[in-house]
């Protein structure tokens, strides 16, 4: 089974994640995905032979539309999602403005914004299409995610490498998922 098919199977089998993907799809935001820990943790749990863990502290919903870059639109989307499912802590961010916060060049899509996330295994997202199928965005592929490899993205390999290492330590991933490995060239 290829990684995309495996990820779709993992997300489809998890009732909470399946429902969350449907709720986000109902907003009909352009270039819209749920990513980061929402996807990563589900895969790592699966590969560790565990039942799906609870969702991370927040469900990262990303979308992209430069014509709607006001943060108030994100707040309205979060409120709509919270009204539909109050048990999930929703975090909605239009990536068309996030380059300013991250001190990057402007992004041209949600997937391009994911290239500036700290870890390759985190830079994976999914969305549900109108016909109920899933699509996956993974600008660095999914090998690191499925081989339990922690590796910084190129954006976090230079002067931001310490931020990546701090994240690995503070999130305690190596303790939570003991089969994870740090990439030799970044450990």
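The values are calculated or read from the model by the stated rules, or taken from the named source; none is laboratory data. As the structure is a prediction and not an experimental result, all values here were calculated from the model. Ideal geometry is used to build each Cβ from the backbone, glycine not excepted, and the neighbour counts take in all protein chains shown.
The set of residues in the range 45-72 that are outside any helix (DSSP H, G or I), modelled with pLDDT of 90 or more and in contact with a helix residue (DSSP H, G or I) (Cβ under 7 Å, 6 or more places away or on another chain) comprises 59, 60, 61, 62, 63, 64, 65, 69.
The residue that is nearest to residue 180 (Cα to Cα), counting only those in the range 61-77 that are surrounded by 17 or more Cβ atoms within 10 Å (Cβ to Cβ) and without any contact (Cβ under 8 Å) to a residue 60 or more places away in the chain, is 61. Considering (1) assigned to a helix (DSSP H, G or I); (2) touching a helix residue (DSSP H, G or I) at 6+ places or on another chain (Cβ under 7 Å); (3) farther than 19 Å from residue 121 by Cα, the lone condition that residue 40 does not fulfil carries the number (3).
Could you check how many residues of the range 1-19 are in a helix (DSSP H, G or I) and more than 13 Å from the chain's Cα centre (by Cα)? If you could, list the steps in order and put the result at the bottom.
First, the residues of the range 1-19 that are in a helix (DSSP H, G or I): 3-13, 15-19.
From the residues that got through so far, the ones that are more than 13 Å from the chain's Cα centre (by Cα) too are 3-6, 8-10, 12-13, 15-16, 18-19.
Of the residues in the range 1-19, 13 are in a helix (DSSP H, G or I) and more than 13 Å from the chain's Cα centre (by Cα).
Only residues that are exposed (fewer than 15 other Cβ atoms within 10 Å of the Cβ) and either under 17 Å from the mean Cα position of the chain (by Cα) or under 22 Å from residue 18 (Cβ atoms) (or both) were counted across the range 90-101, and they come to 0.
Taking the criterion of being assigned to a loop (DSSP other than H, G, I, E, B), surrounded by fewer than 20 Cβ atoms within 10 Å (Cβ to Cβ) and under 16 Å from the mean Cα position of the chain (by Cα), the residues of the range 141-157 that qualify are 141, 148.
Scanning the range 158-187 for residues that are closer than 23 Å to residue 7 by Cα and buried (at least 17 other Cβ atoms within 10 Å of the Cβ) turns up 168, 173, 177, 180.
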